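The next block holds one structure in the form of structure tokens; read it before the comments.
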Amino acid sequence: MKHGKVSSRILSLTAIAVIGAGLAACGGGASSSTASGANSATTAKGPIKIWYSNNESEVKWGKDMVAAWNAAHPDQQVDAQEIPAGKSSEEVIGAAITAGNAPCLVFNTSPVSVPQFQKQGGLVPLDSFPDGAQYIKDRTGDLADQYKSSDGKMYQLPWKSNPVVLFYNKDIFAKAGLDPANPKLATQSQFLDTARTLVKSGAVANAVWPSTASDFFQSWFDFYPFYAANTQGSQLVKDGKATFNNDQGKQVATMFQTLYKENLASKEVYKGDSFADGKAAMSLAGPWAIASYKGKVNWGEVPIPAAATQDKSYTFSDAKNVAMYSACKNQGTAWDVLKFATSKEQDGKLLSQTGQMPMRKDLTTAYADYFTQNPAYKNFADQAARTVEVPNLNNAVQVWQTFRDAWSKSVIFGNQSIDDAFKGASDKINQLAAQK
């Protein structure tokens, strides 16, 4: 993902196991180990501390939101700051949980890290609040079900998504003799044929340049969106079993293998944004890219193509959520702040200031005027209703790393057959998913 920088917002393999007792992170107080203490914490009111992302537009939104809350609640002040610097935000959060000084709320919680944070005892189930489950359902709808943990509870509030679509450079398409107004990108076979035309015409050296790095999360930005499109929204793991070792998964793998074999995509890791730099004609990205590409690329975008033409497309959500951390003393205030920050008014401000999609079931109607005035974002709002999240399961990072290793070995570098690599990865992932 290029939203900010991948490394700044995604955890490393060992990140959430880091012990950081000396981390200079501020919490809201120690949590009680007793049930009665927990109950009193959920109703306790008073000052709290929160963290938000260090993304510039989100910092502005966060400061404005906190100022609005504090002006109306002099006895329940919010002390807010950007997530402290570290290898990744998840590493910093994991260390703060270990140290017992996590803030009350973090508006930058990655869904893949939630199971580990939960295992550490660091999270408060939001359905422990009387209106918790209903509030999430009313705001997000059925899409929220993807974020439930294995115990059936919600340890994260689905907050905002960046539905991944296929961007293309209209100028490079025109140079290659392709129609930029009507690109042939409706199916994966068309995508492959278009990629061949782009490169063989000499218009560009790489039709597309997904990262070939081995980080576990890289598959969210090559395989996963196409797999979601092929399967009409299947997750990588469902009911504790890997799903990708099937015709739909292997079809995506074969398509990417062809891209690499025919030198339509580079096997090198590009330092920067290959699409913004004009080194690739297409890119997988979310709505954050609109501001990023402004003045740099004459772009168009289409839904992620599936193997066959479909009326409704599915893709990867690339979401960031909000979680409440168990070190928080005044959880009653924290819950009220969380509802305030995800209200219709604040969600509208988040949308207008960041271009990211609040995870609301009424997104297109609640902010109809915004999308009329900003038509570039309209397709993303529609797509946000059909997104696939990473599965919520134990060993989530190891699961994705297992898949990435198999993908790299078979698809990118051709050192193993796709059949063998996917079978081996599927068997190992089934074992990982079964572990508690």
Consider ASN246 against the criteria (1) in contact (Cβ under 8 Å) with a residue 60 or more places away in the chain; (2) within 21 Å of SER410 (Cα to Cα): it satisfies all of them except one. Which criterion is unmet? (1)
Okay, helices (runs of 4 or more DSSP H) sitting entirely in the stretch 335-426 with 3 or more residues that are within 19 Å of SER110 (Cα to Cα), I get 344-354, 396-407
Out of (1) outside any loop (DSSP other than H, G, I, E, B); (2) farther than 30 Å from ASP277 by Cα, the one ASP311 does not meet is (1)
So for the stretch 206-217 (the condition being in contact with a helix residue (DSSP H, G or I) (Cβ under 9 Å, 6 or more places away or on another chain), over 29 Å from GLN398 (Cβ atoms) and assigned by TED's automatic domain parsing to the domain that holds ASP311), does at least one residue qualify? yes
The lone condition LEU198 fails out of (1) buried (at least 23 other Cβ atoms within 10 Å of the Cβ); (2) under 27 Å from the mean Cα position of the chain (by Cα); (3) among the aliphatic types (A, V, I, L, M); (4) assigned to a helix (DSSP H, G or I) is (2)
How many residues are surrounded by fewer than 22 Cβ atoms within 10 Å (Cβ to Cβ) and either over 16 Å from the mean Cα position of the chain (by Cα) or more than 19 Å from GLN257 (Cβ to Cβ) (or both) when one looks only at the stretch 217-232? 2
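Might you check whether a residue that is surrounded by 16 or more Cβ atoms within 10 Å (Cβ to Cβ), under 18 Å from the mean Cα position of the chain (by Cα) and basic (Lys, Arg) occurs anywhere in the stretch 317-332?
Pass one, the stretch 317-332, residues surrounded by 16 or more Cβ atoms within 10 Å (Cβ to Cβ): 317-332.
Applying the additional criterion that residues be under 18 Å from the mean Cα position of the chain (by Cα) yields 317-323.
Checking which are basic (Lys, Arg) leaves us with 320.
Yes, the conditions are met somewhere in the stretch 317-332.
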Please work out which one of (1) surrounded by 19 or more Cβ atoms within 10 Å (Cβ to Cβ); (2) under 16 Å from VAL337 (Cα atoms); (3) modelled with pLDDT under 95 is the condition ALA80 fails and give its number. (3)
For the stretch 54-69, which residues satisfy the criterion of being within 22 Å of GLN331 (Cβ to Cβ) and touching a strand residue (DSSP E or B) at 6+ places or on another chain (Cβ under 6 Å)? GLY62, VAL66, TRP69
Pairs only if they're at least six apart or on different chains, beta carbon under 9 angstrom, first in the stretch 176-190 and in contact (Cβ under 8 Å) with a residue 12 or more places away in the chain and under 23 Å from LYS250 (Cβ atoms), second among the aromatic types (Phe, Trp, Tyr) and not in a helix (DSSP H, G or I); list them, first residue then second. LEU185/TYR168
Assuming ASN245 fulfils every condition listed in (1) closer than 13 Å to PHE223 by Cα; (2) loosely packed, with under 15 Cβ neighbours inside 10 Å apart from one, which condition is it? (2)
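Please go through the stretch 153-182 and pick out each residue that is surrounded by fewer than 20 Cβ atoms within 10 Å (Cβ to Cβ) and over 30 Å from ASN321 (Cβ atoms). Step through it out loud before you land on a result.
To start, the set of residues in the stretch 153-182 that are surrounded by fewer than 20 Cβ atoms within 10 Å (Cβ to Cβ) comprises 153, 170-171, 174-175, 177, 179-182.
Scanning the stretch 153-182 gives LYS170, ASP171, ALA174, LYS175, GLY177, ASP179, PRO180, ALA181, ASN182.
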Kindly establish whether GLY300 is surrounded by fewer than 23 Cβ atoms within 10 Å (Cβ to Cβ), under 30 Å from THR231 (Cα atoms) and in contact with a Lys or Arg (Cβ under 9 Å, 6 or more places away or on another chain). yes
Is it the case that the stretch 100-108 has a residue that's more than 22 Å from the chain's Cα centre (by Cα), crowded, with 21+ Cβ neighbours inside 10 Å and among the polar types (S, T, N, Q)? yes
Need pairs with beta-carbon distance below 7 Å; first residue without any contact (Cβ under 8 Å) to a residue 60 or more places away in the chain and within the stretch 271-285, second part of a loop (DSSP other than H, G, I, E, B) and surrounded by 15 or more Cβ atoms within 10 Å (Cβ to Cβ); sequence gap 6+ or separate chains. ALA276/VAL297
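Return yes when ALA228 is touching a Phe, Trp or Tyr at 6+ places or on another chain (Cβ under 6 Å) and either within 30 Å of ASP420 (Cβ to Cβ) or assigned to a helix (DSSP H, G or I) (or both) and no when it is not.
Numbers: touching a Phe, Trp or Tyr at 6+ places or on another chain (Cβ under 6 Å): yes; either within 30 Å of ASP420 (Cβ to Cβ) or assigned to a helix (DSSP H, G or I) (or both): yes.
Yes: the conditions hold for ALA228.
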Regarding the stretch 332-346, can at least one residue be identified that is in contact with a Gly (Cβ under 7 Å, 6 or more places away or on another chain) and among the polar types (S, T, N, Q)? yes
I'd like the full set of residues that are closer than 21 Å to CYS104 by Cβ and either out of contact with any Leu (no Cβ under 6 Å at 6 or more places or on another chain) or not assigned by TED's automatic domain parsing to the domain that holds LEU338 (or both), limited to the stretch 145-156. TYR147, SER149, LYS153, GLN156
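The values are calculated or read from the model by the stated rules, or taken from the named source; none is laboratory data. Just so you know, these numbers come straight off a predicted model, no measurement behind them. When we count neighbours, we look across all protein chains shown, and the Cβ atoms used for this are built from the backbone with ideal geometry, even at glycine.
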